[in-house]
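A.B. asks: Just dropping this structure here.
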Amino acid sequence: MEWINYSLFTLGNDYPVLLIDLITSVLGLTCVFLAGRNSKYNFWVGYLYTAALFLMFWNKNLYASLLLQPISLAINILGHWRWTHPRADETSSEDQSSLKVSMLTWPARLLCIASVFLIAGLWGWTLDTLFPDDPHPYLDSCVTVLILVAQLLSALKKWDCWIVWLLVNIAQIILHLSVGHVFMPIVCALYLINGLWSLSTWMKLYKKKA
């Protein structure tokens, strides 16, 4: 699989942009764009995106992130099922075969916040212990946990998922800039723009019970 290491061009301080990086970025942007437009096809792209992430992390020896991909795949499968098999009281006003957008209750939001802090703290401590060369173990773990929470809320079609995605995008931009990456902050900025747009789009869907 030598094609994974194929370098397309170089940015900044000799930072190579590999073919797998570009493929992963395009699939990721396509996936979140379709999700923001309330399209069920985002899950089919999501399957390809998970596979591309697996290859990218494997290629860069990022095993902690690699091992999370089966969890992401499971969440994607759950979301695909939930979006296309709603219960009678969850159907969209525009499509009876689709799940409508809903919101978390405040107790549920507080539980999510507490869970993120607890799990990210434990995961950060684990990374710091097992991989002392990780420059930002707690920020890295926080981003990872936030991504999983955002994916789960997206799978349940909760409007709140876009708030979490915005936090993920901001944290990722900070993380990539701190380690000298040039290409990925640009990609994350595009994710951020899409998140703001999707936040508004899903709010309209929520008000229409769609």
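A.B. asks: Residue 43 fails exactly one of the following numbered conditions: (1) in contact with a His (Cβ under 6 Å, 6 or more places away or on another chain); (2) more than 26 Å from residue 160 (Cα to Cα). What is the number of that condition?
C.D. replies: Against the list (1) in contact with a His (Cβ under 6 Å, 6 or more places away or on another chain); (2) more than 26 Å from residue 160 (Cα to Cα), residue 43 comes up short only on (2).
A.B. asks: Are there any pairs, at least 6 apart or on different chains, whose C-beta atoms fall under 6 Å, with the first in the range 123-144 and modelled with pLDDT of 80 or more and the second among the hydroxyl-bearing types (Ser, Thr, Tyr), and if so, which?
C.D. replies: Partner pairs satisfying both residue conditions: 123/141; 124/138; 124/141; 127/141.
A.B. asks: Look through 171, 120, 155 and report the one residue that is at pLDDT 95 or above and either exposed (fewer than 15 other Cβ atoms within 10 Å of the Cβ) or of a type in the set (A, V, I, L, M) (or both).
C.D. replies: So the residue among 171, 120, 155 that is at pLDDT 95 or above and either exposed (fewer than 15 other Cβ atoms within 10 Å of the Cβ) or of a type in the set (A, V, I, L, M) (or both) is 155.
A.B. asks: Filter the range 104-117 for residues that are within 16 Å of residue 165 (Cα to Cα) and of a type in the set (A, V, I, L, M); which is modelled with the highest pLDDT?
C.D. replies: Among those residues, the one meeting the criterion is 104.
A.B. asks: Condition check: touching a Phe, Trp or Tyr at 6+ places or on another chain (Cβ under 9 Å) and of a type in the set (A, V, I, L, M, F, W, C). Does residue 56 satisfy that?
C.D. replies: So residue 56 does not fit the description; no.
A.B. asks: I'd like to check something: does the range 72-84 contain any residue that is assigned to a helix (DSSP H, G or I) and closer than 15 Å to residue 143 by Cα?
C.D. replies: Checking the range 72-84: at least one residue is assigned to a helix (DSSP H, G or I) and closer than 15 Å to residue 143 by Cα.
The values are calculated or read from the model by the stated rules, or taken from the named source; none is laboratory data. All values reported here derive from a predicted model rather than from experimental measurement. Heads up, the Cβs are rebuilt from the backbone with ideal geometry, glycines too, and the neighbour counts pull from every protein chain shown.
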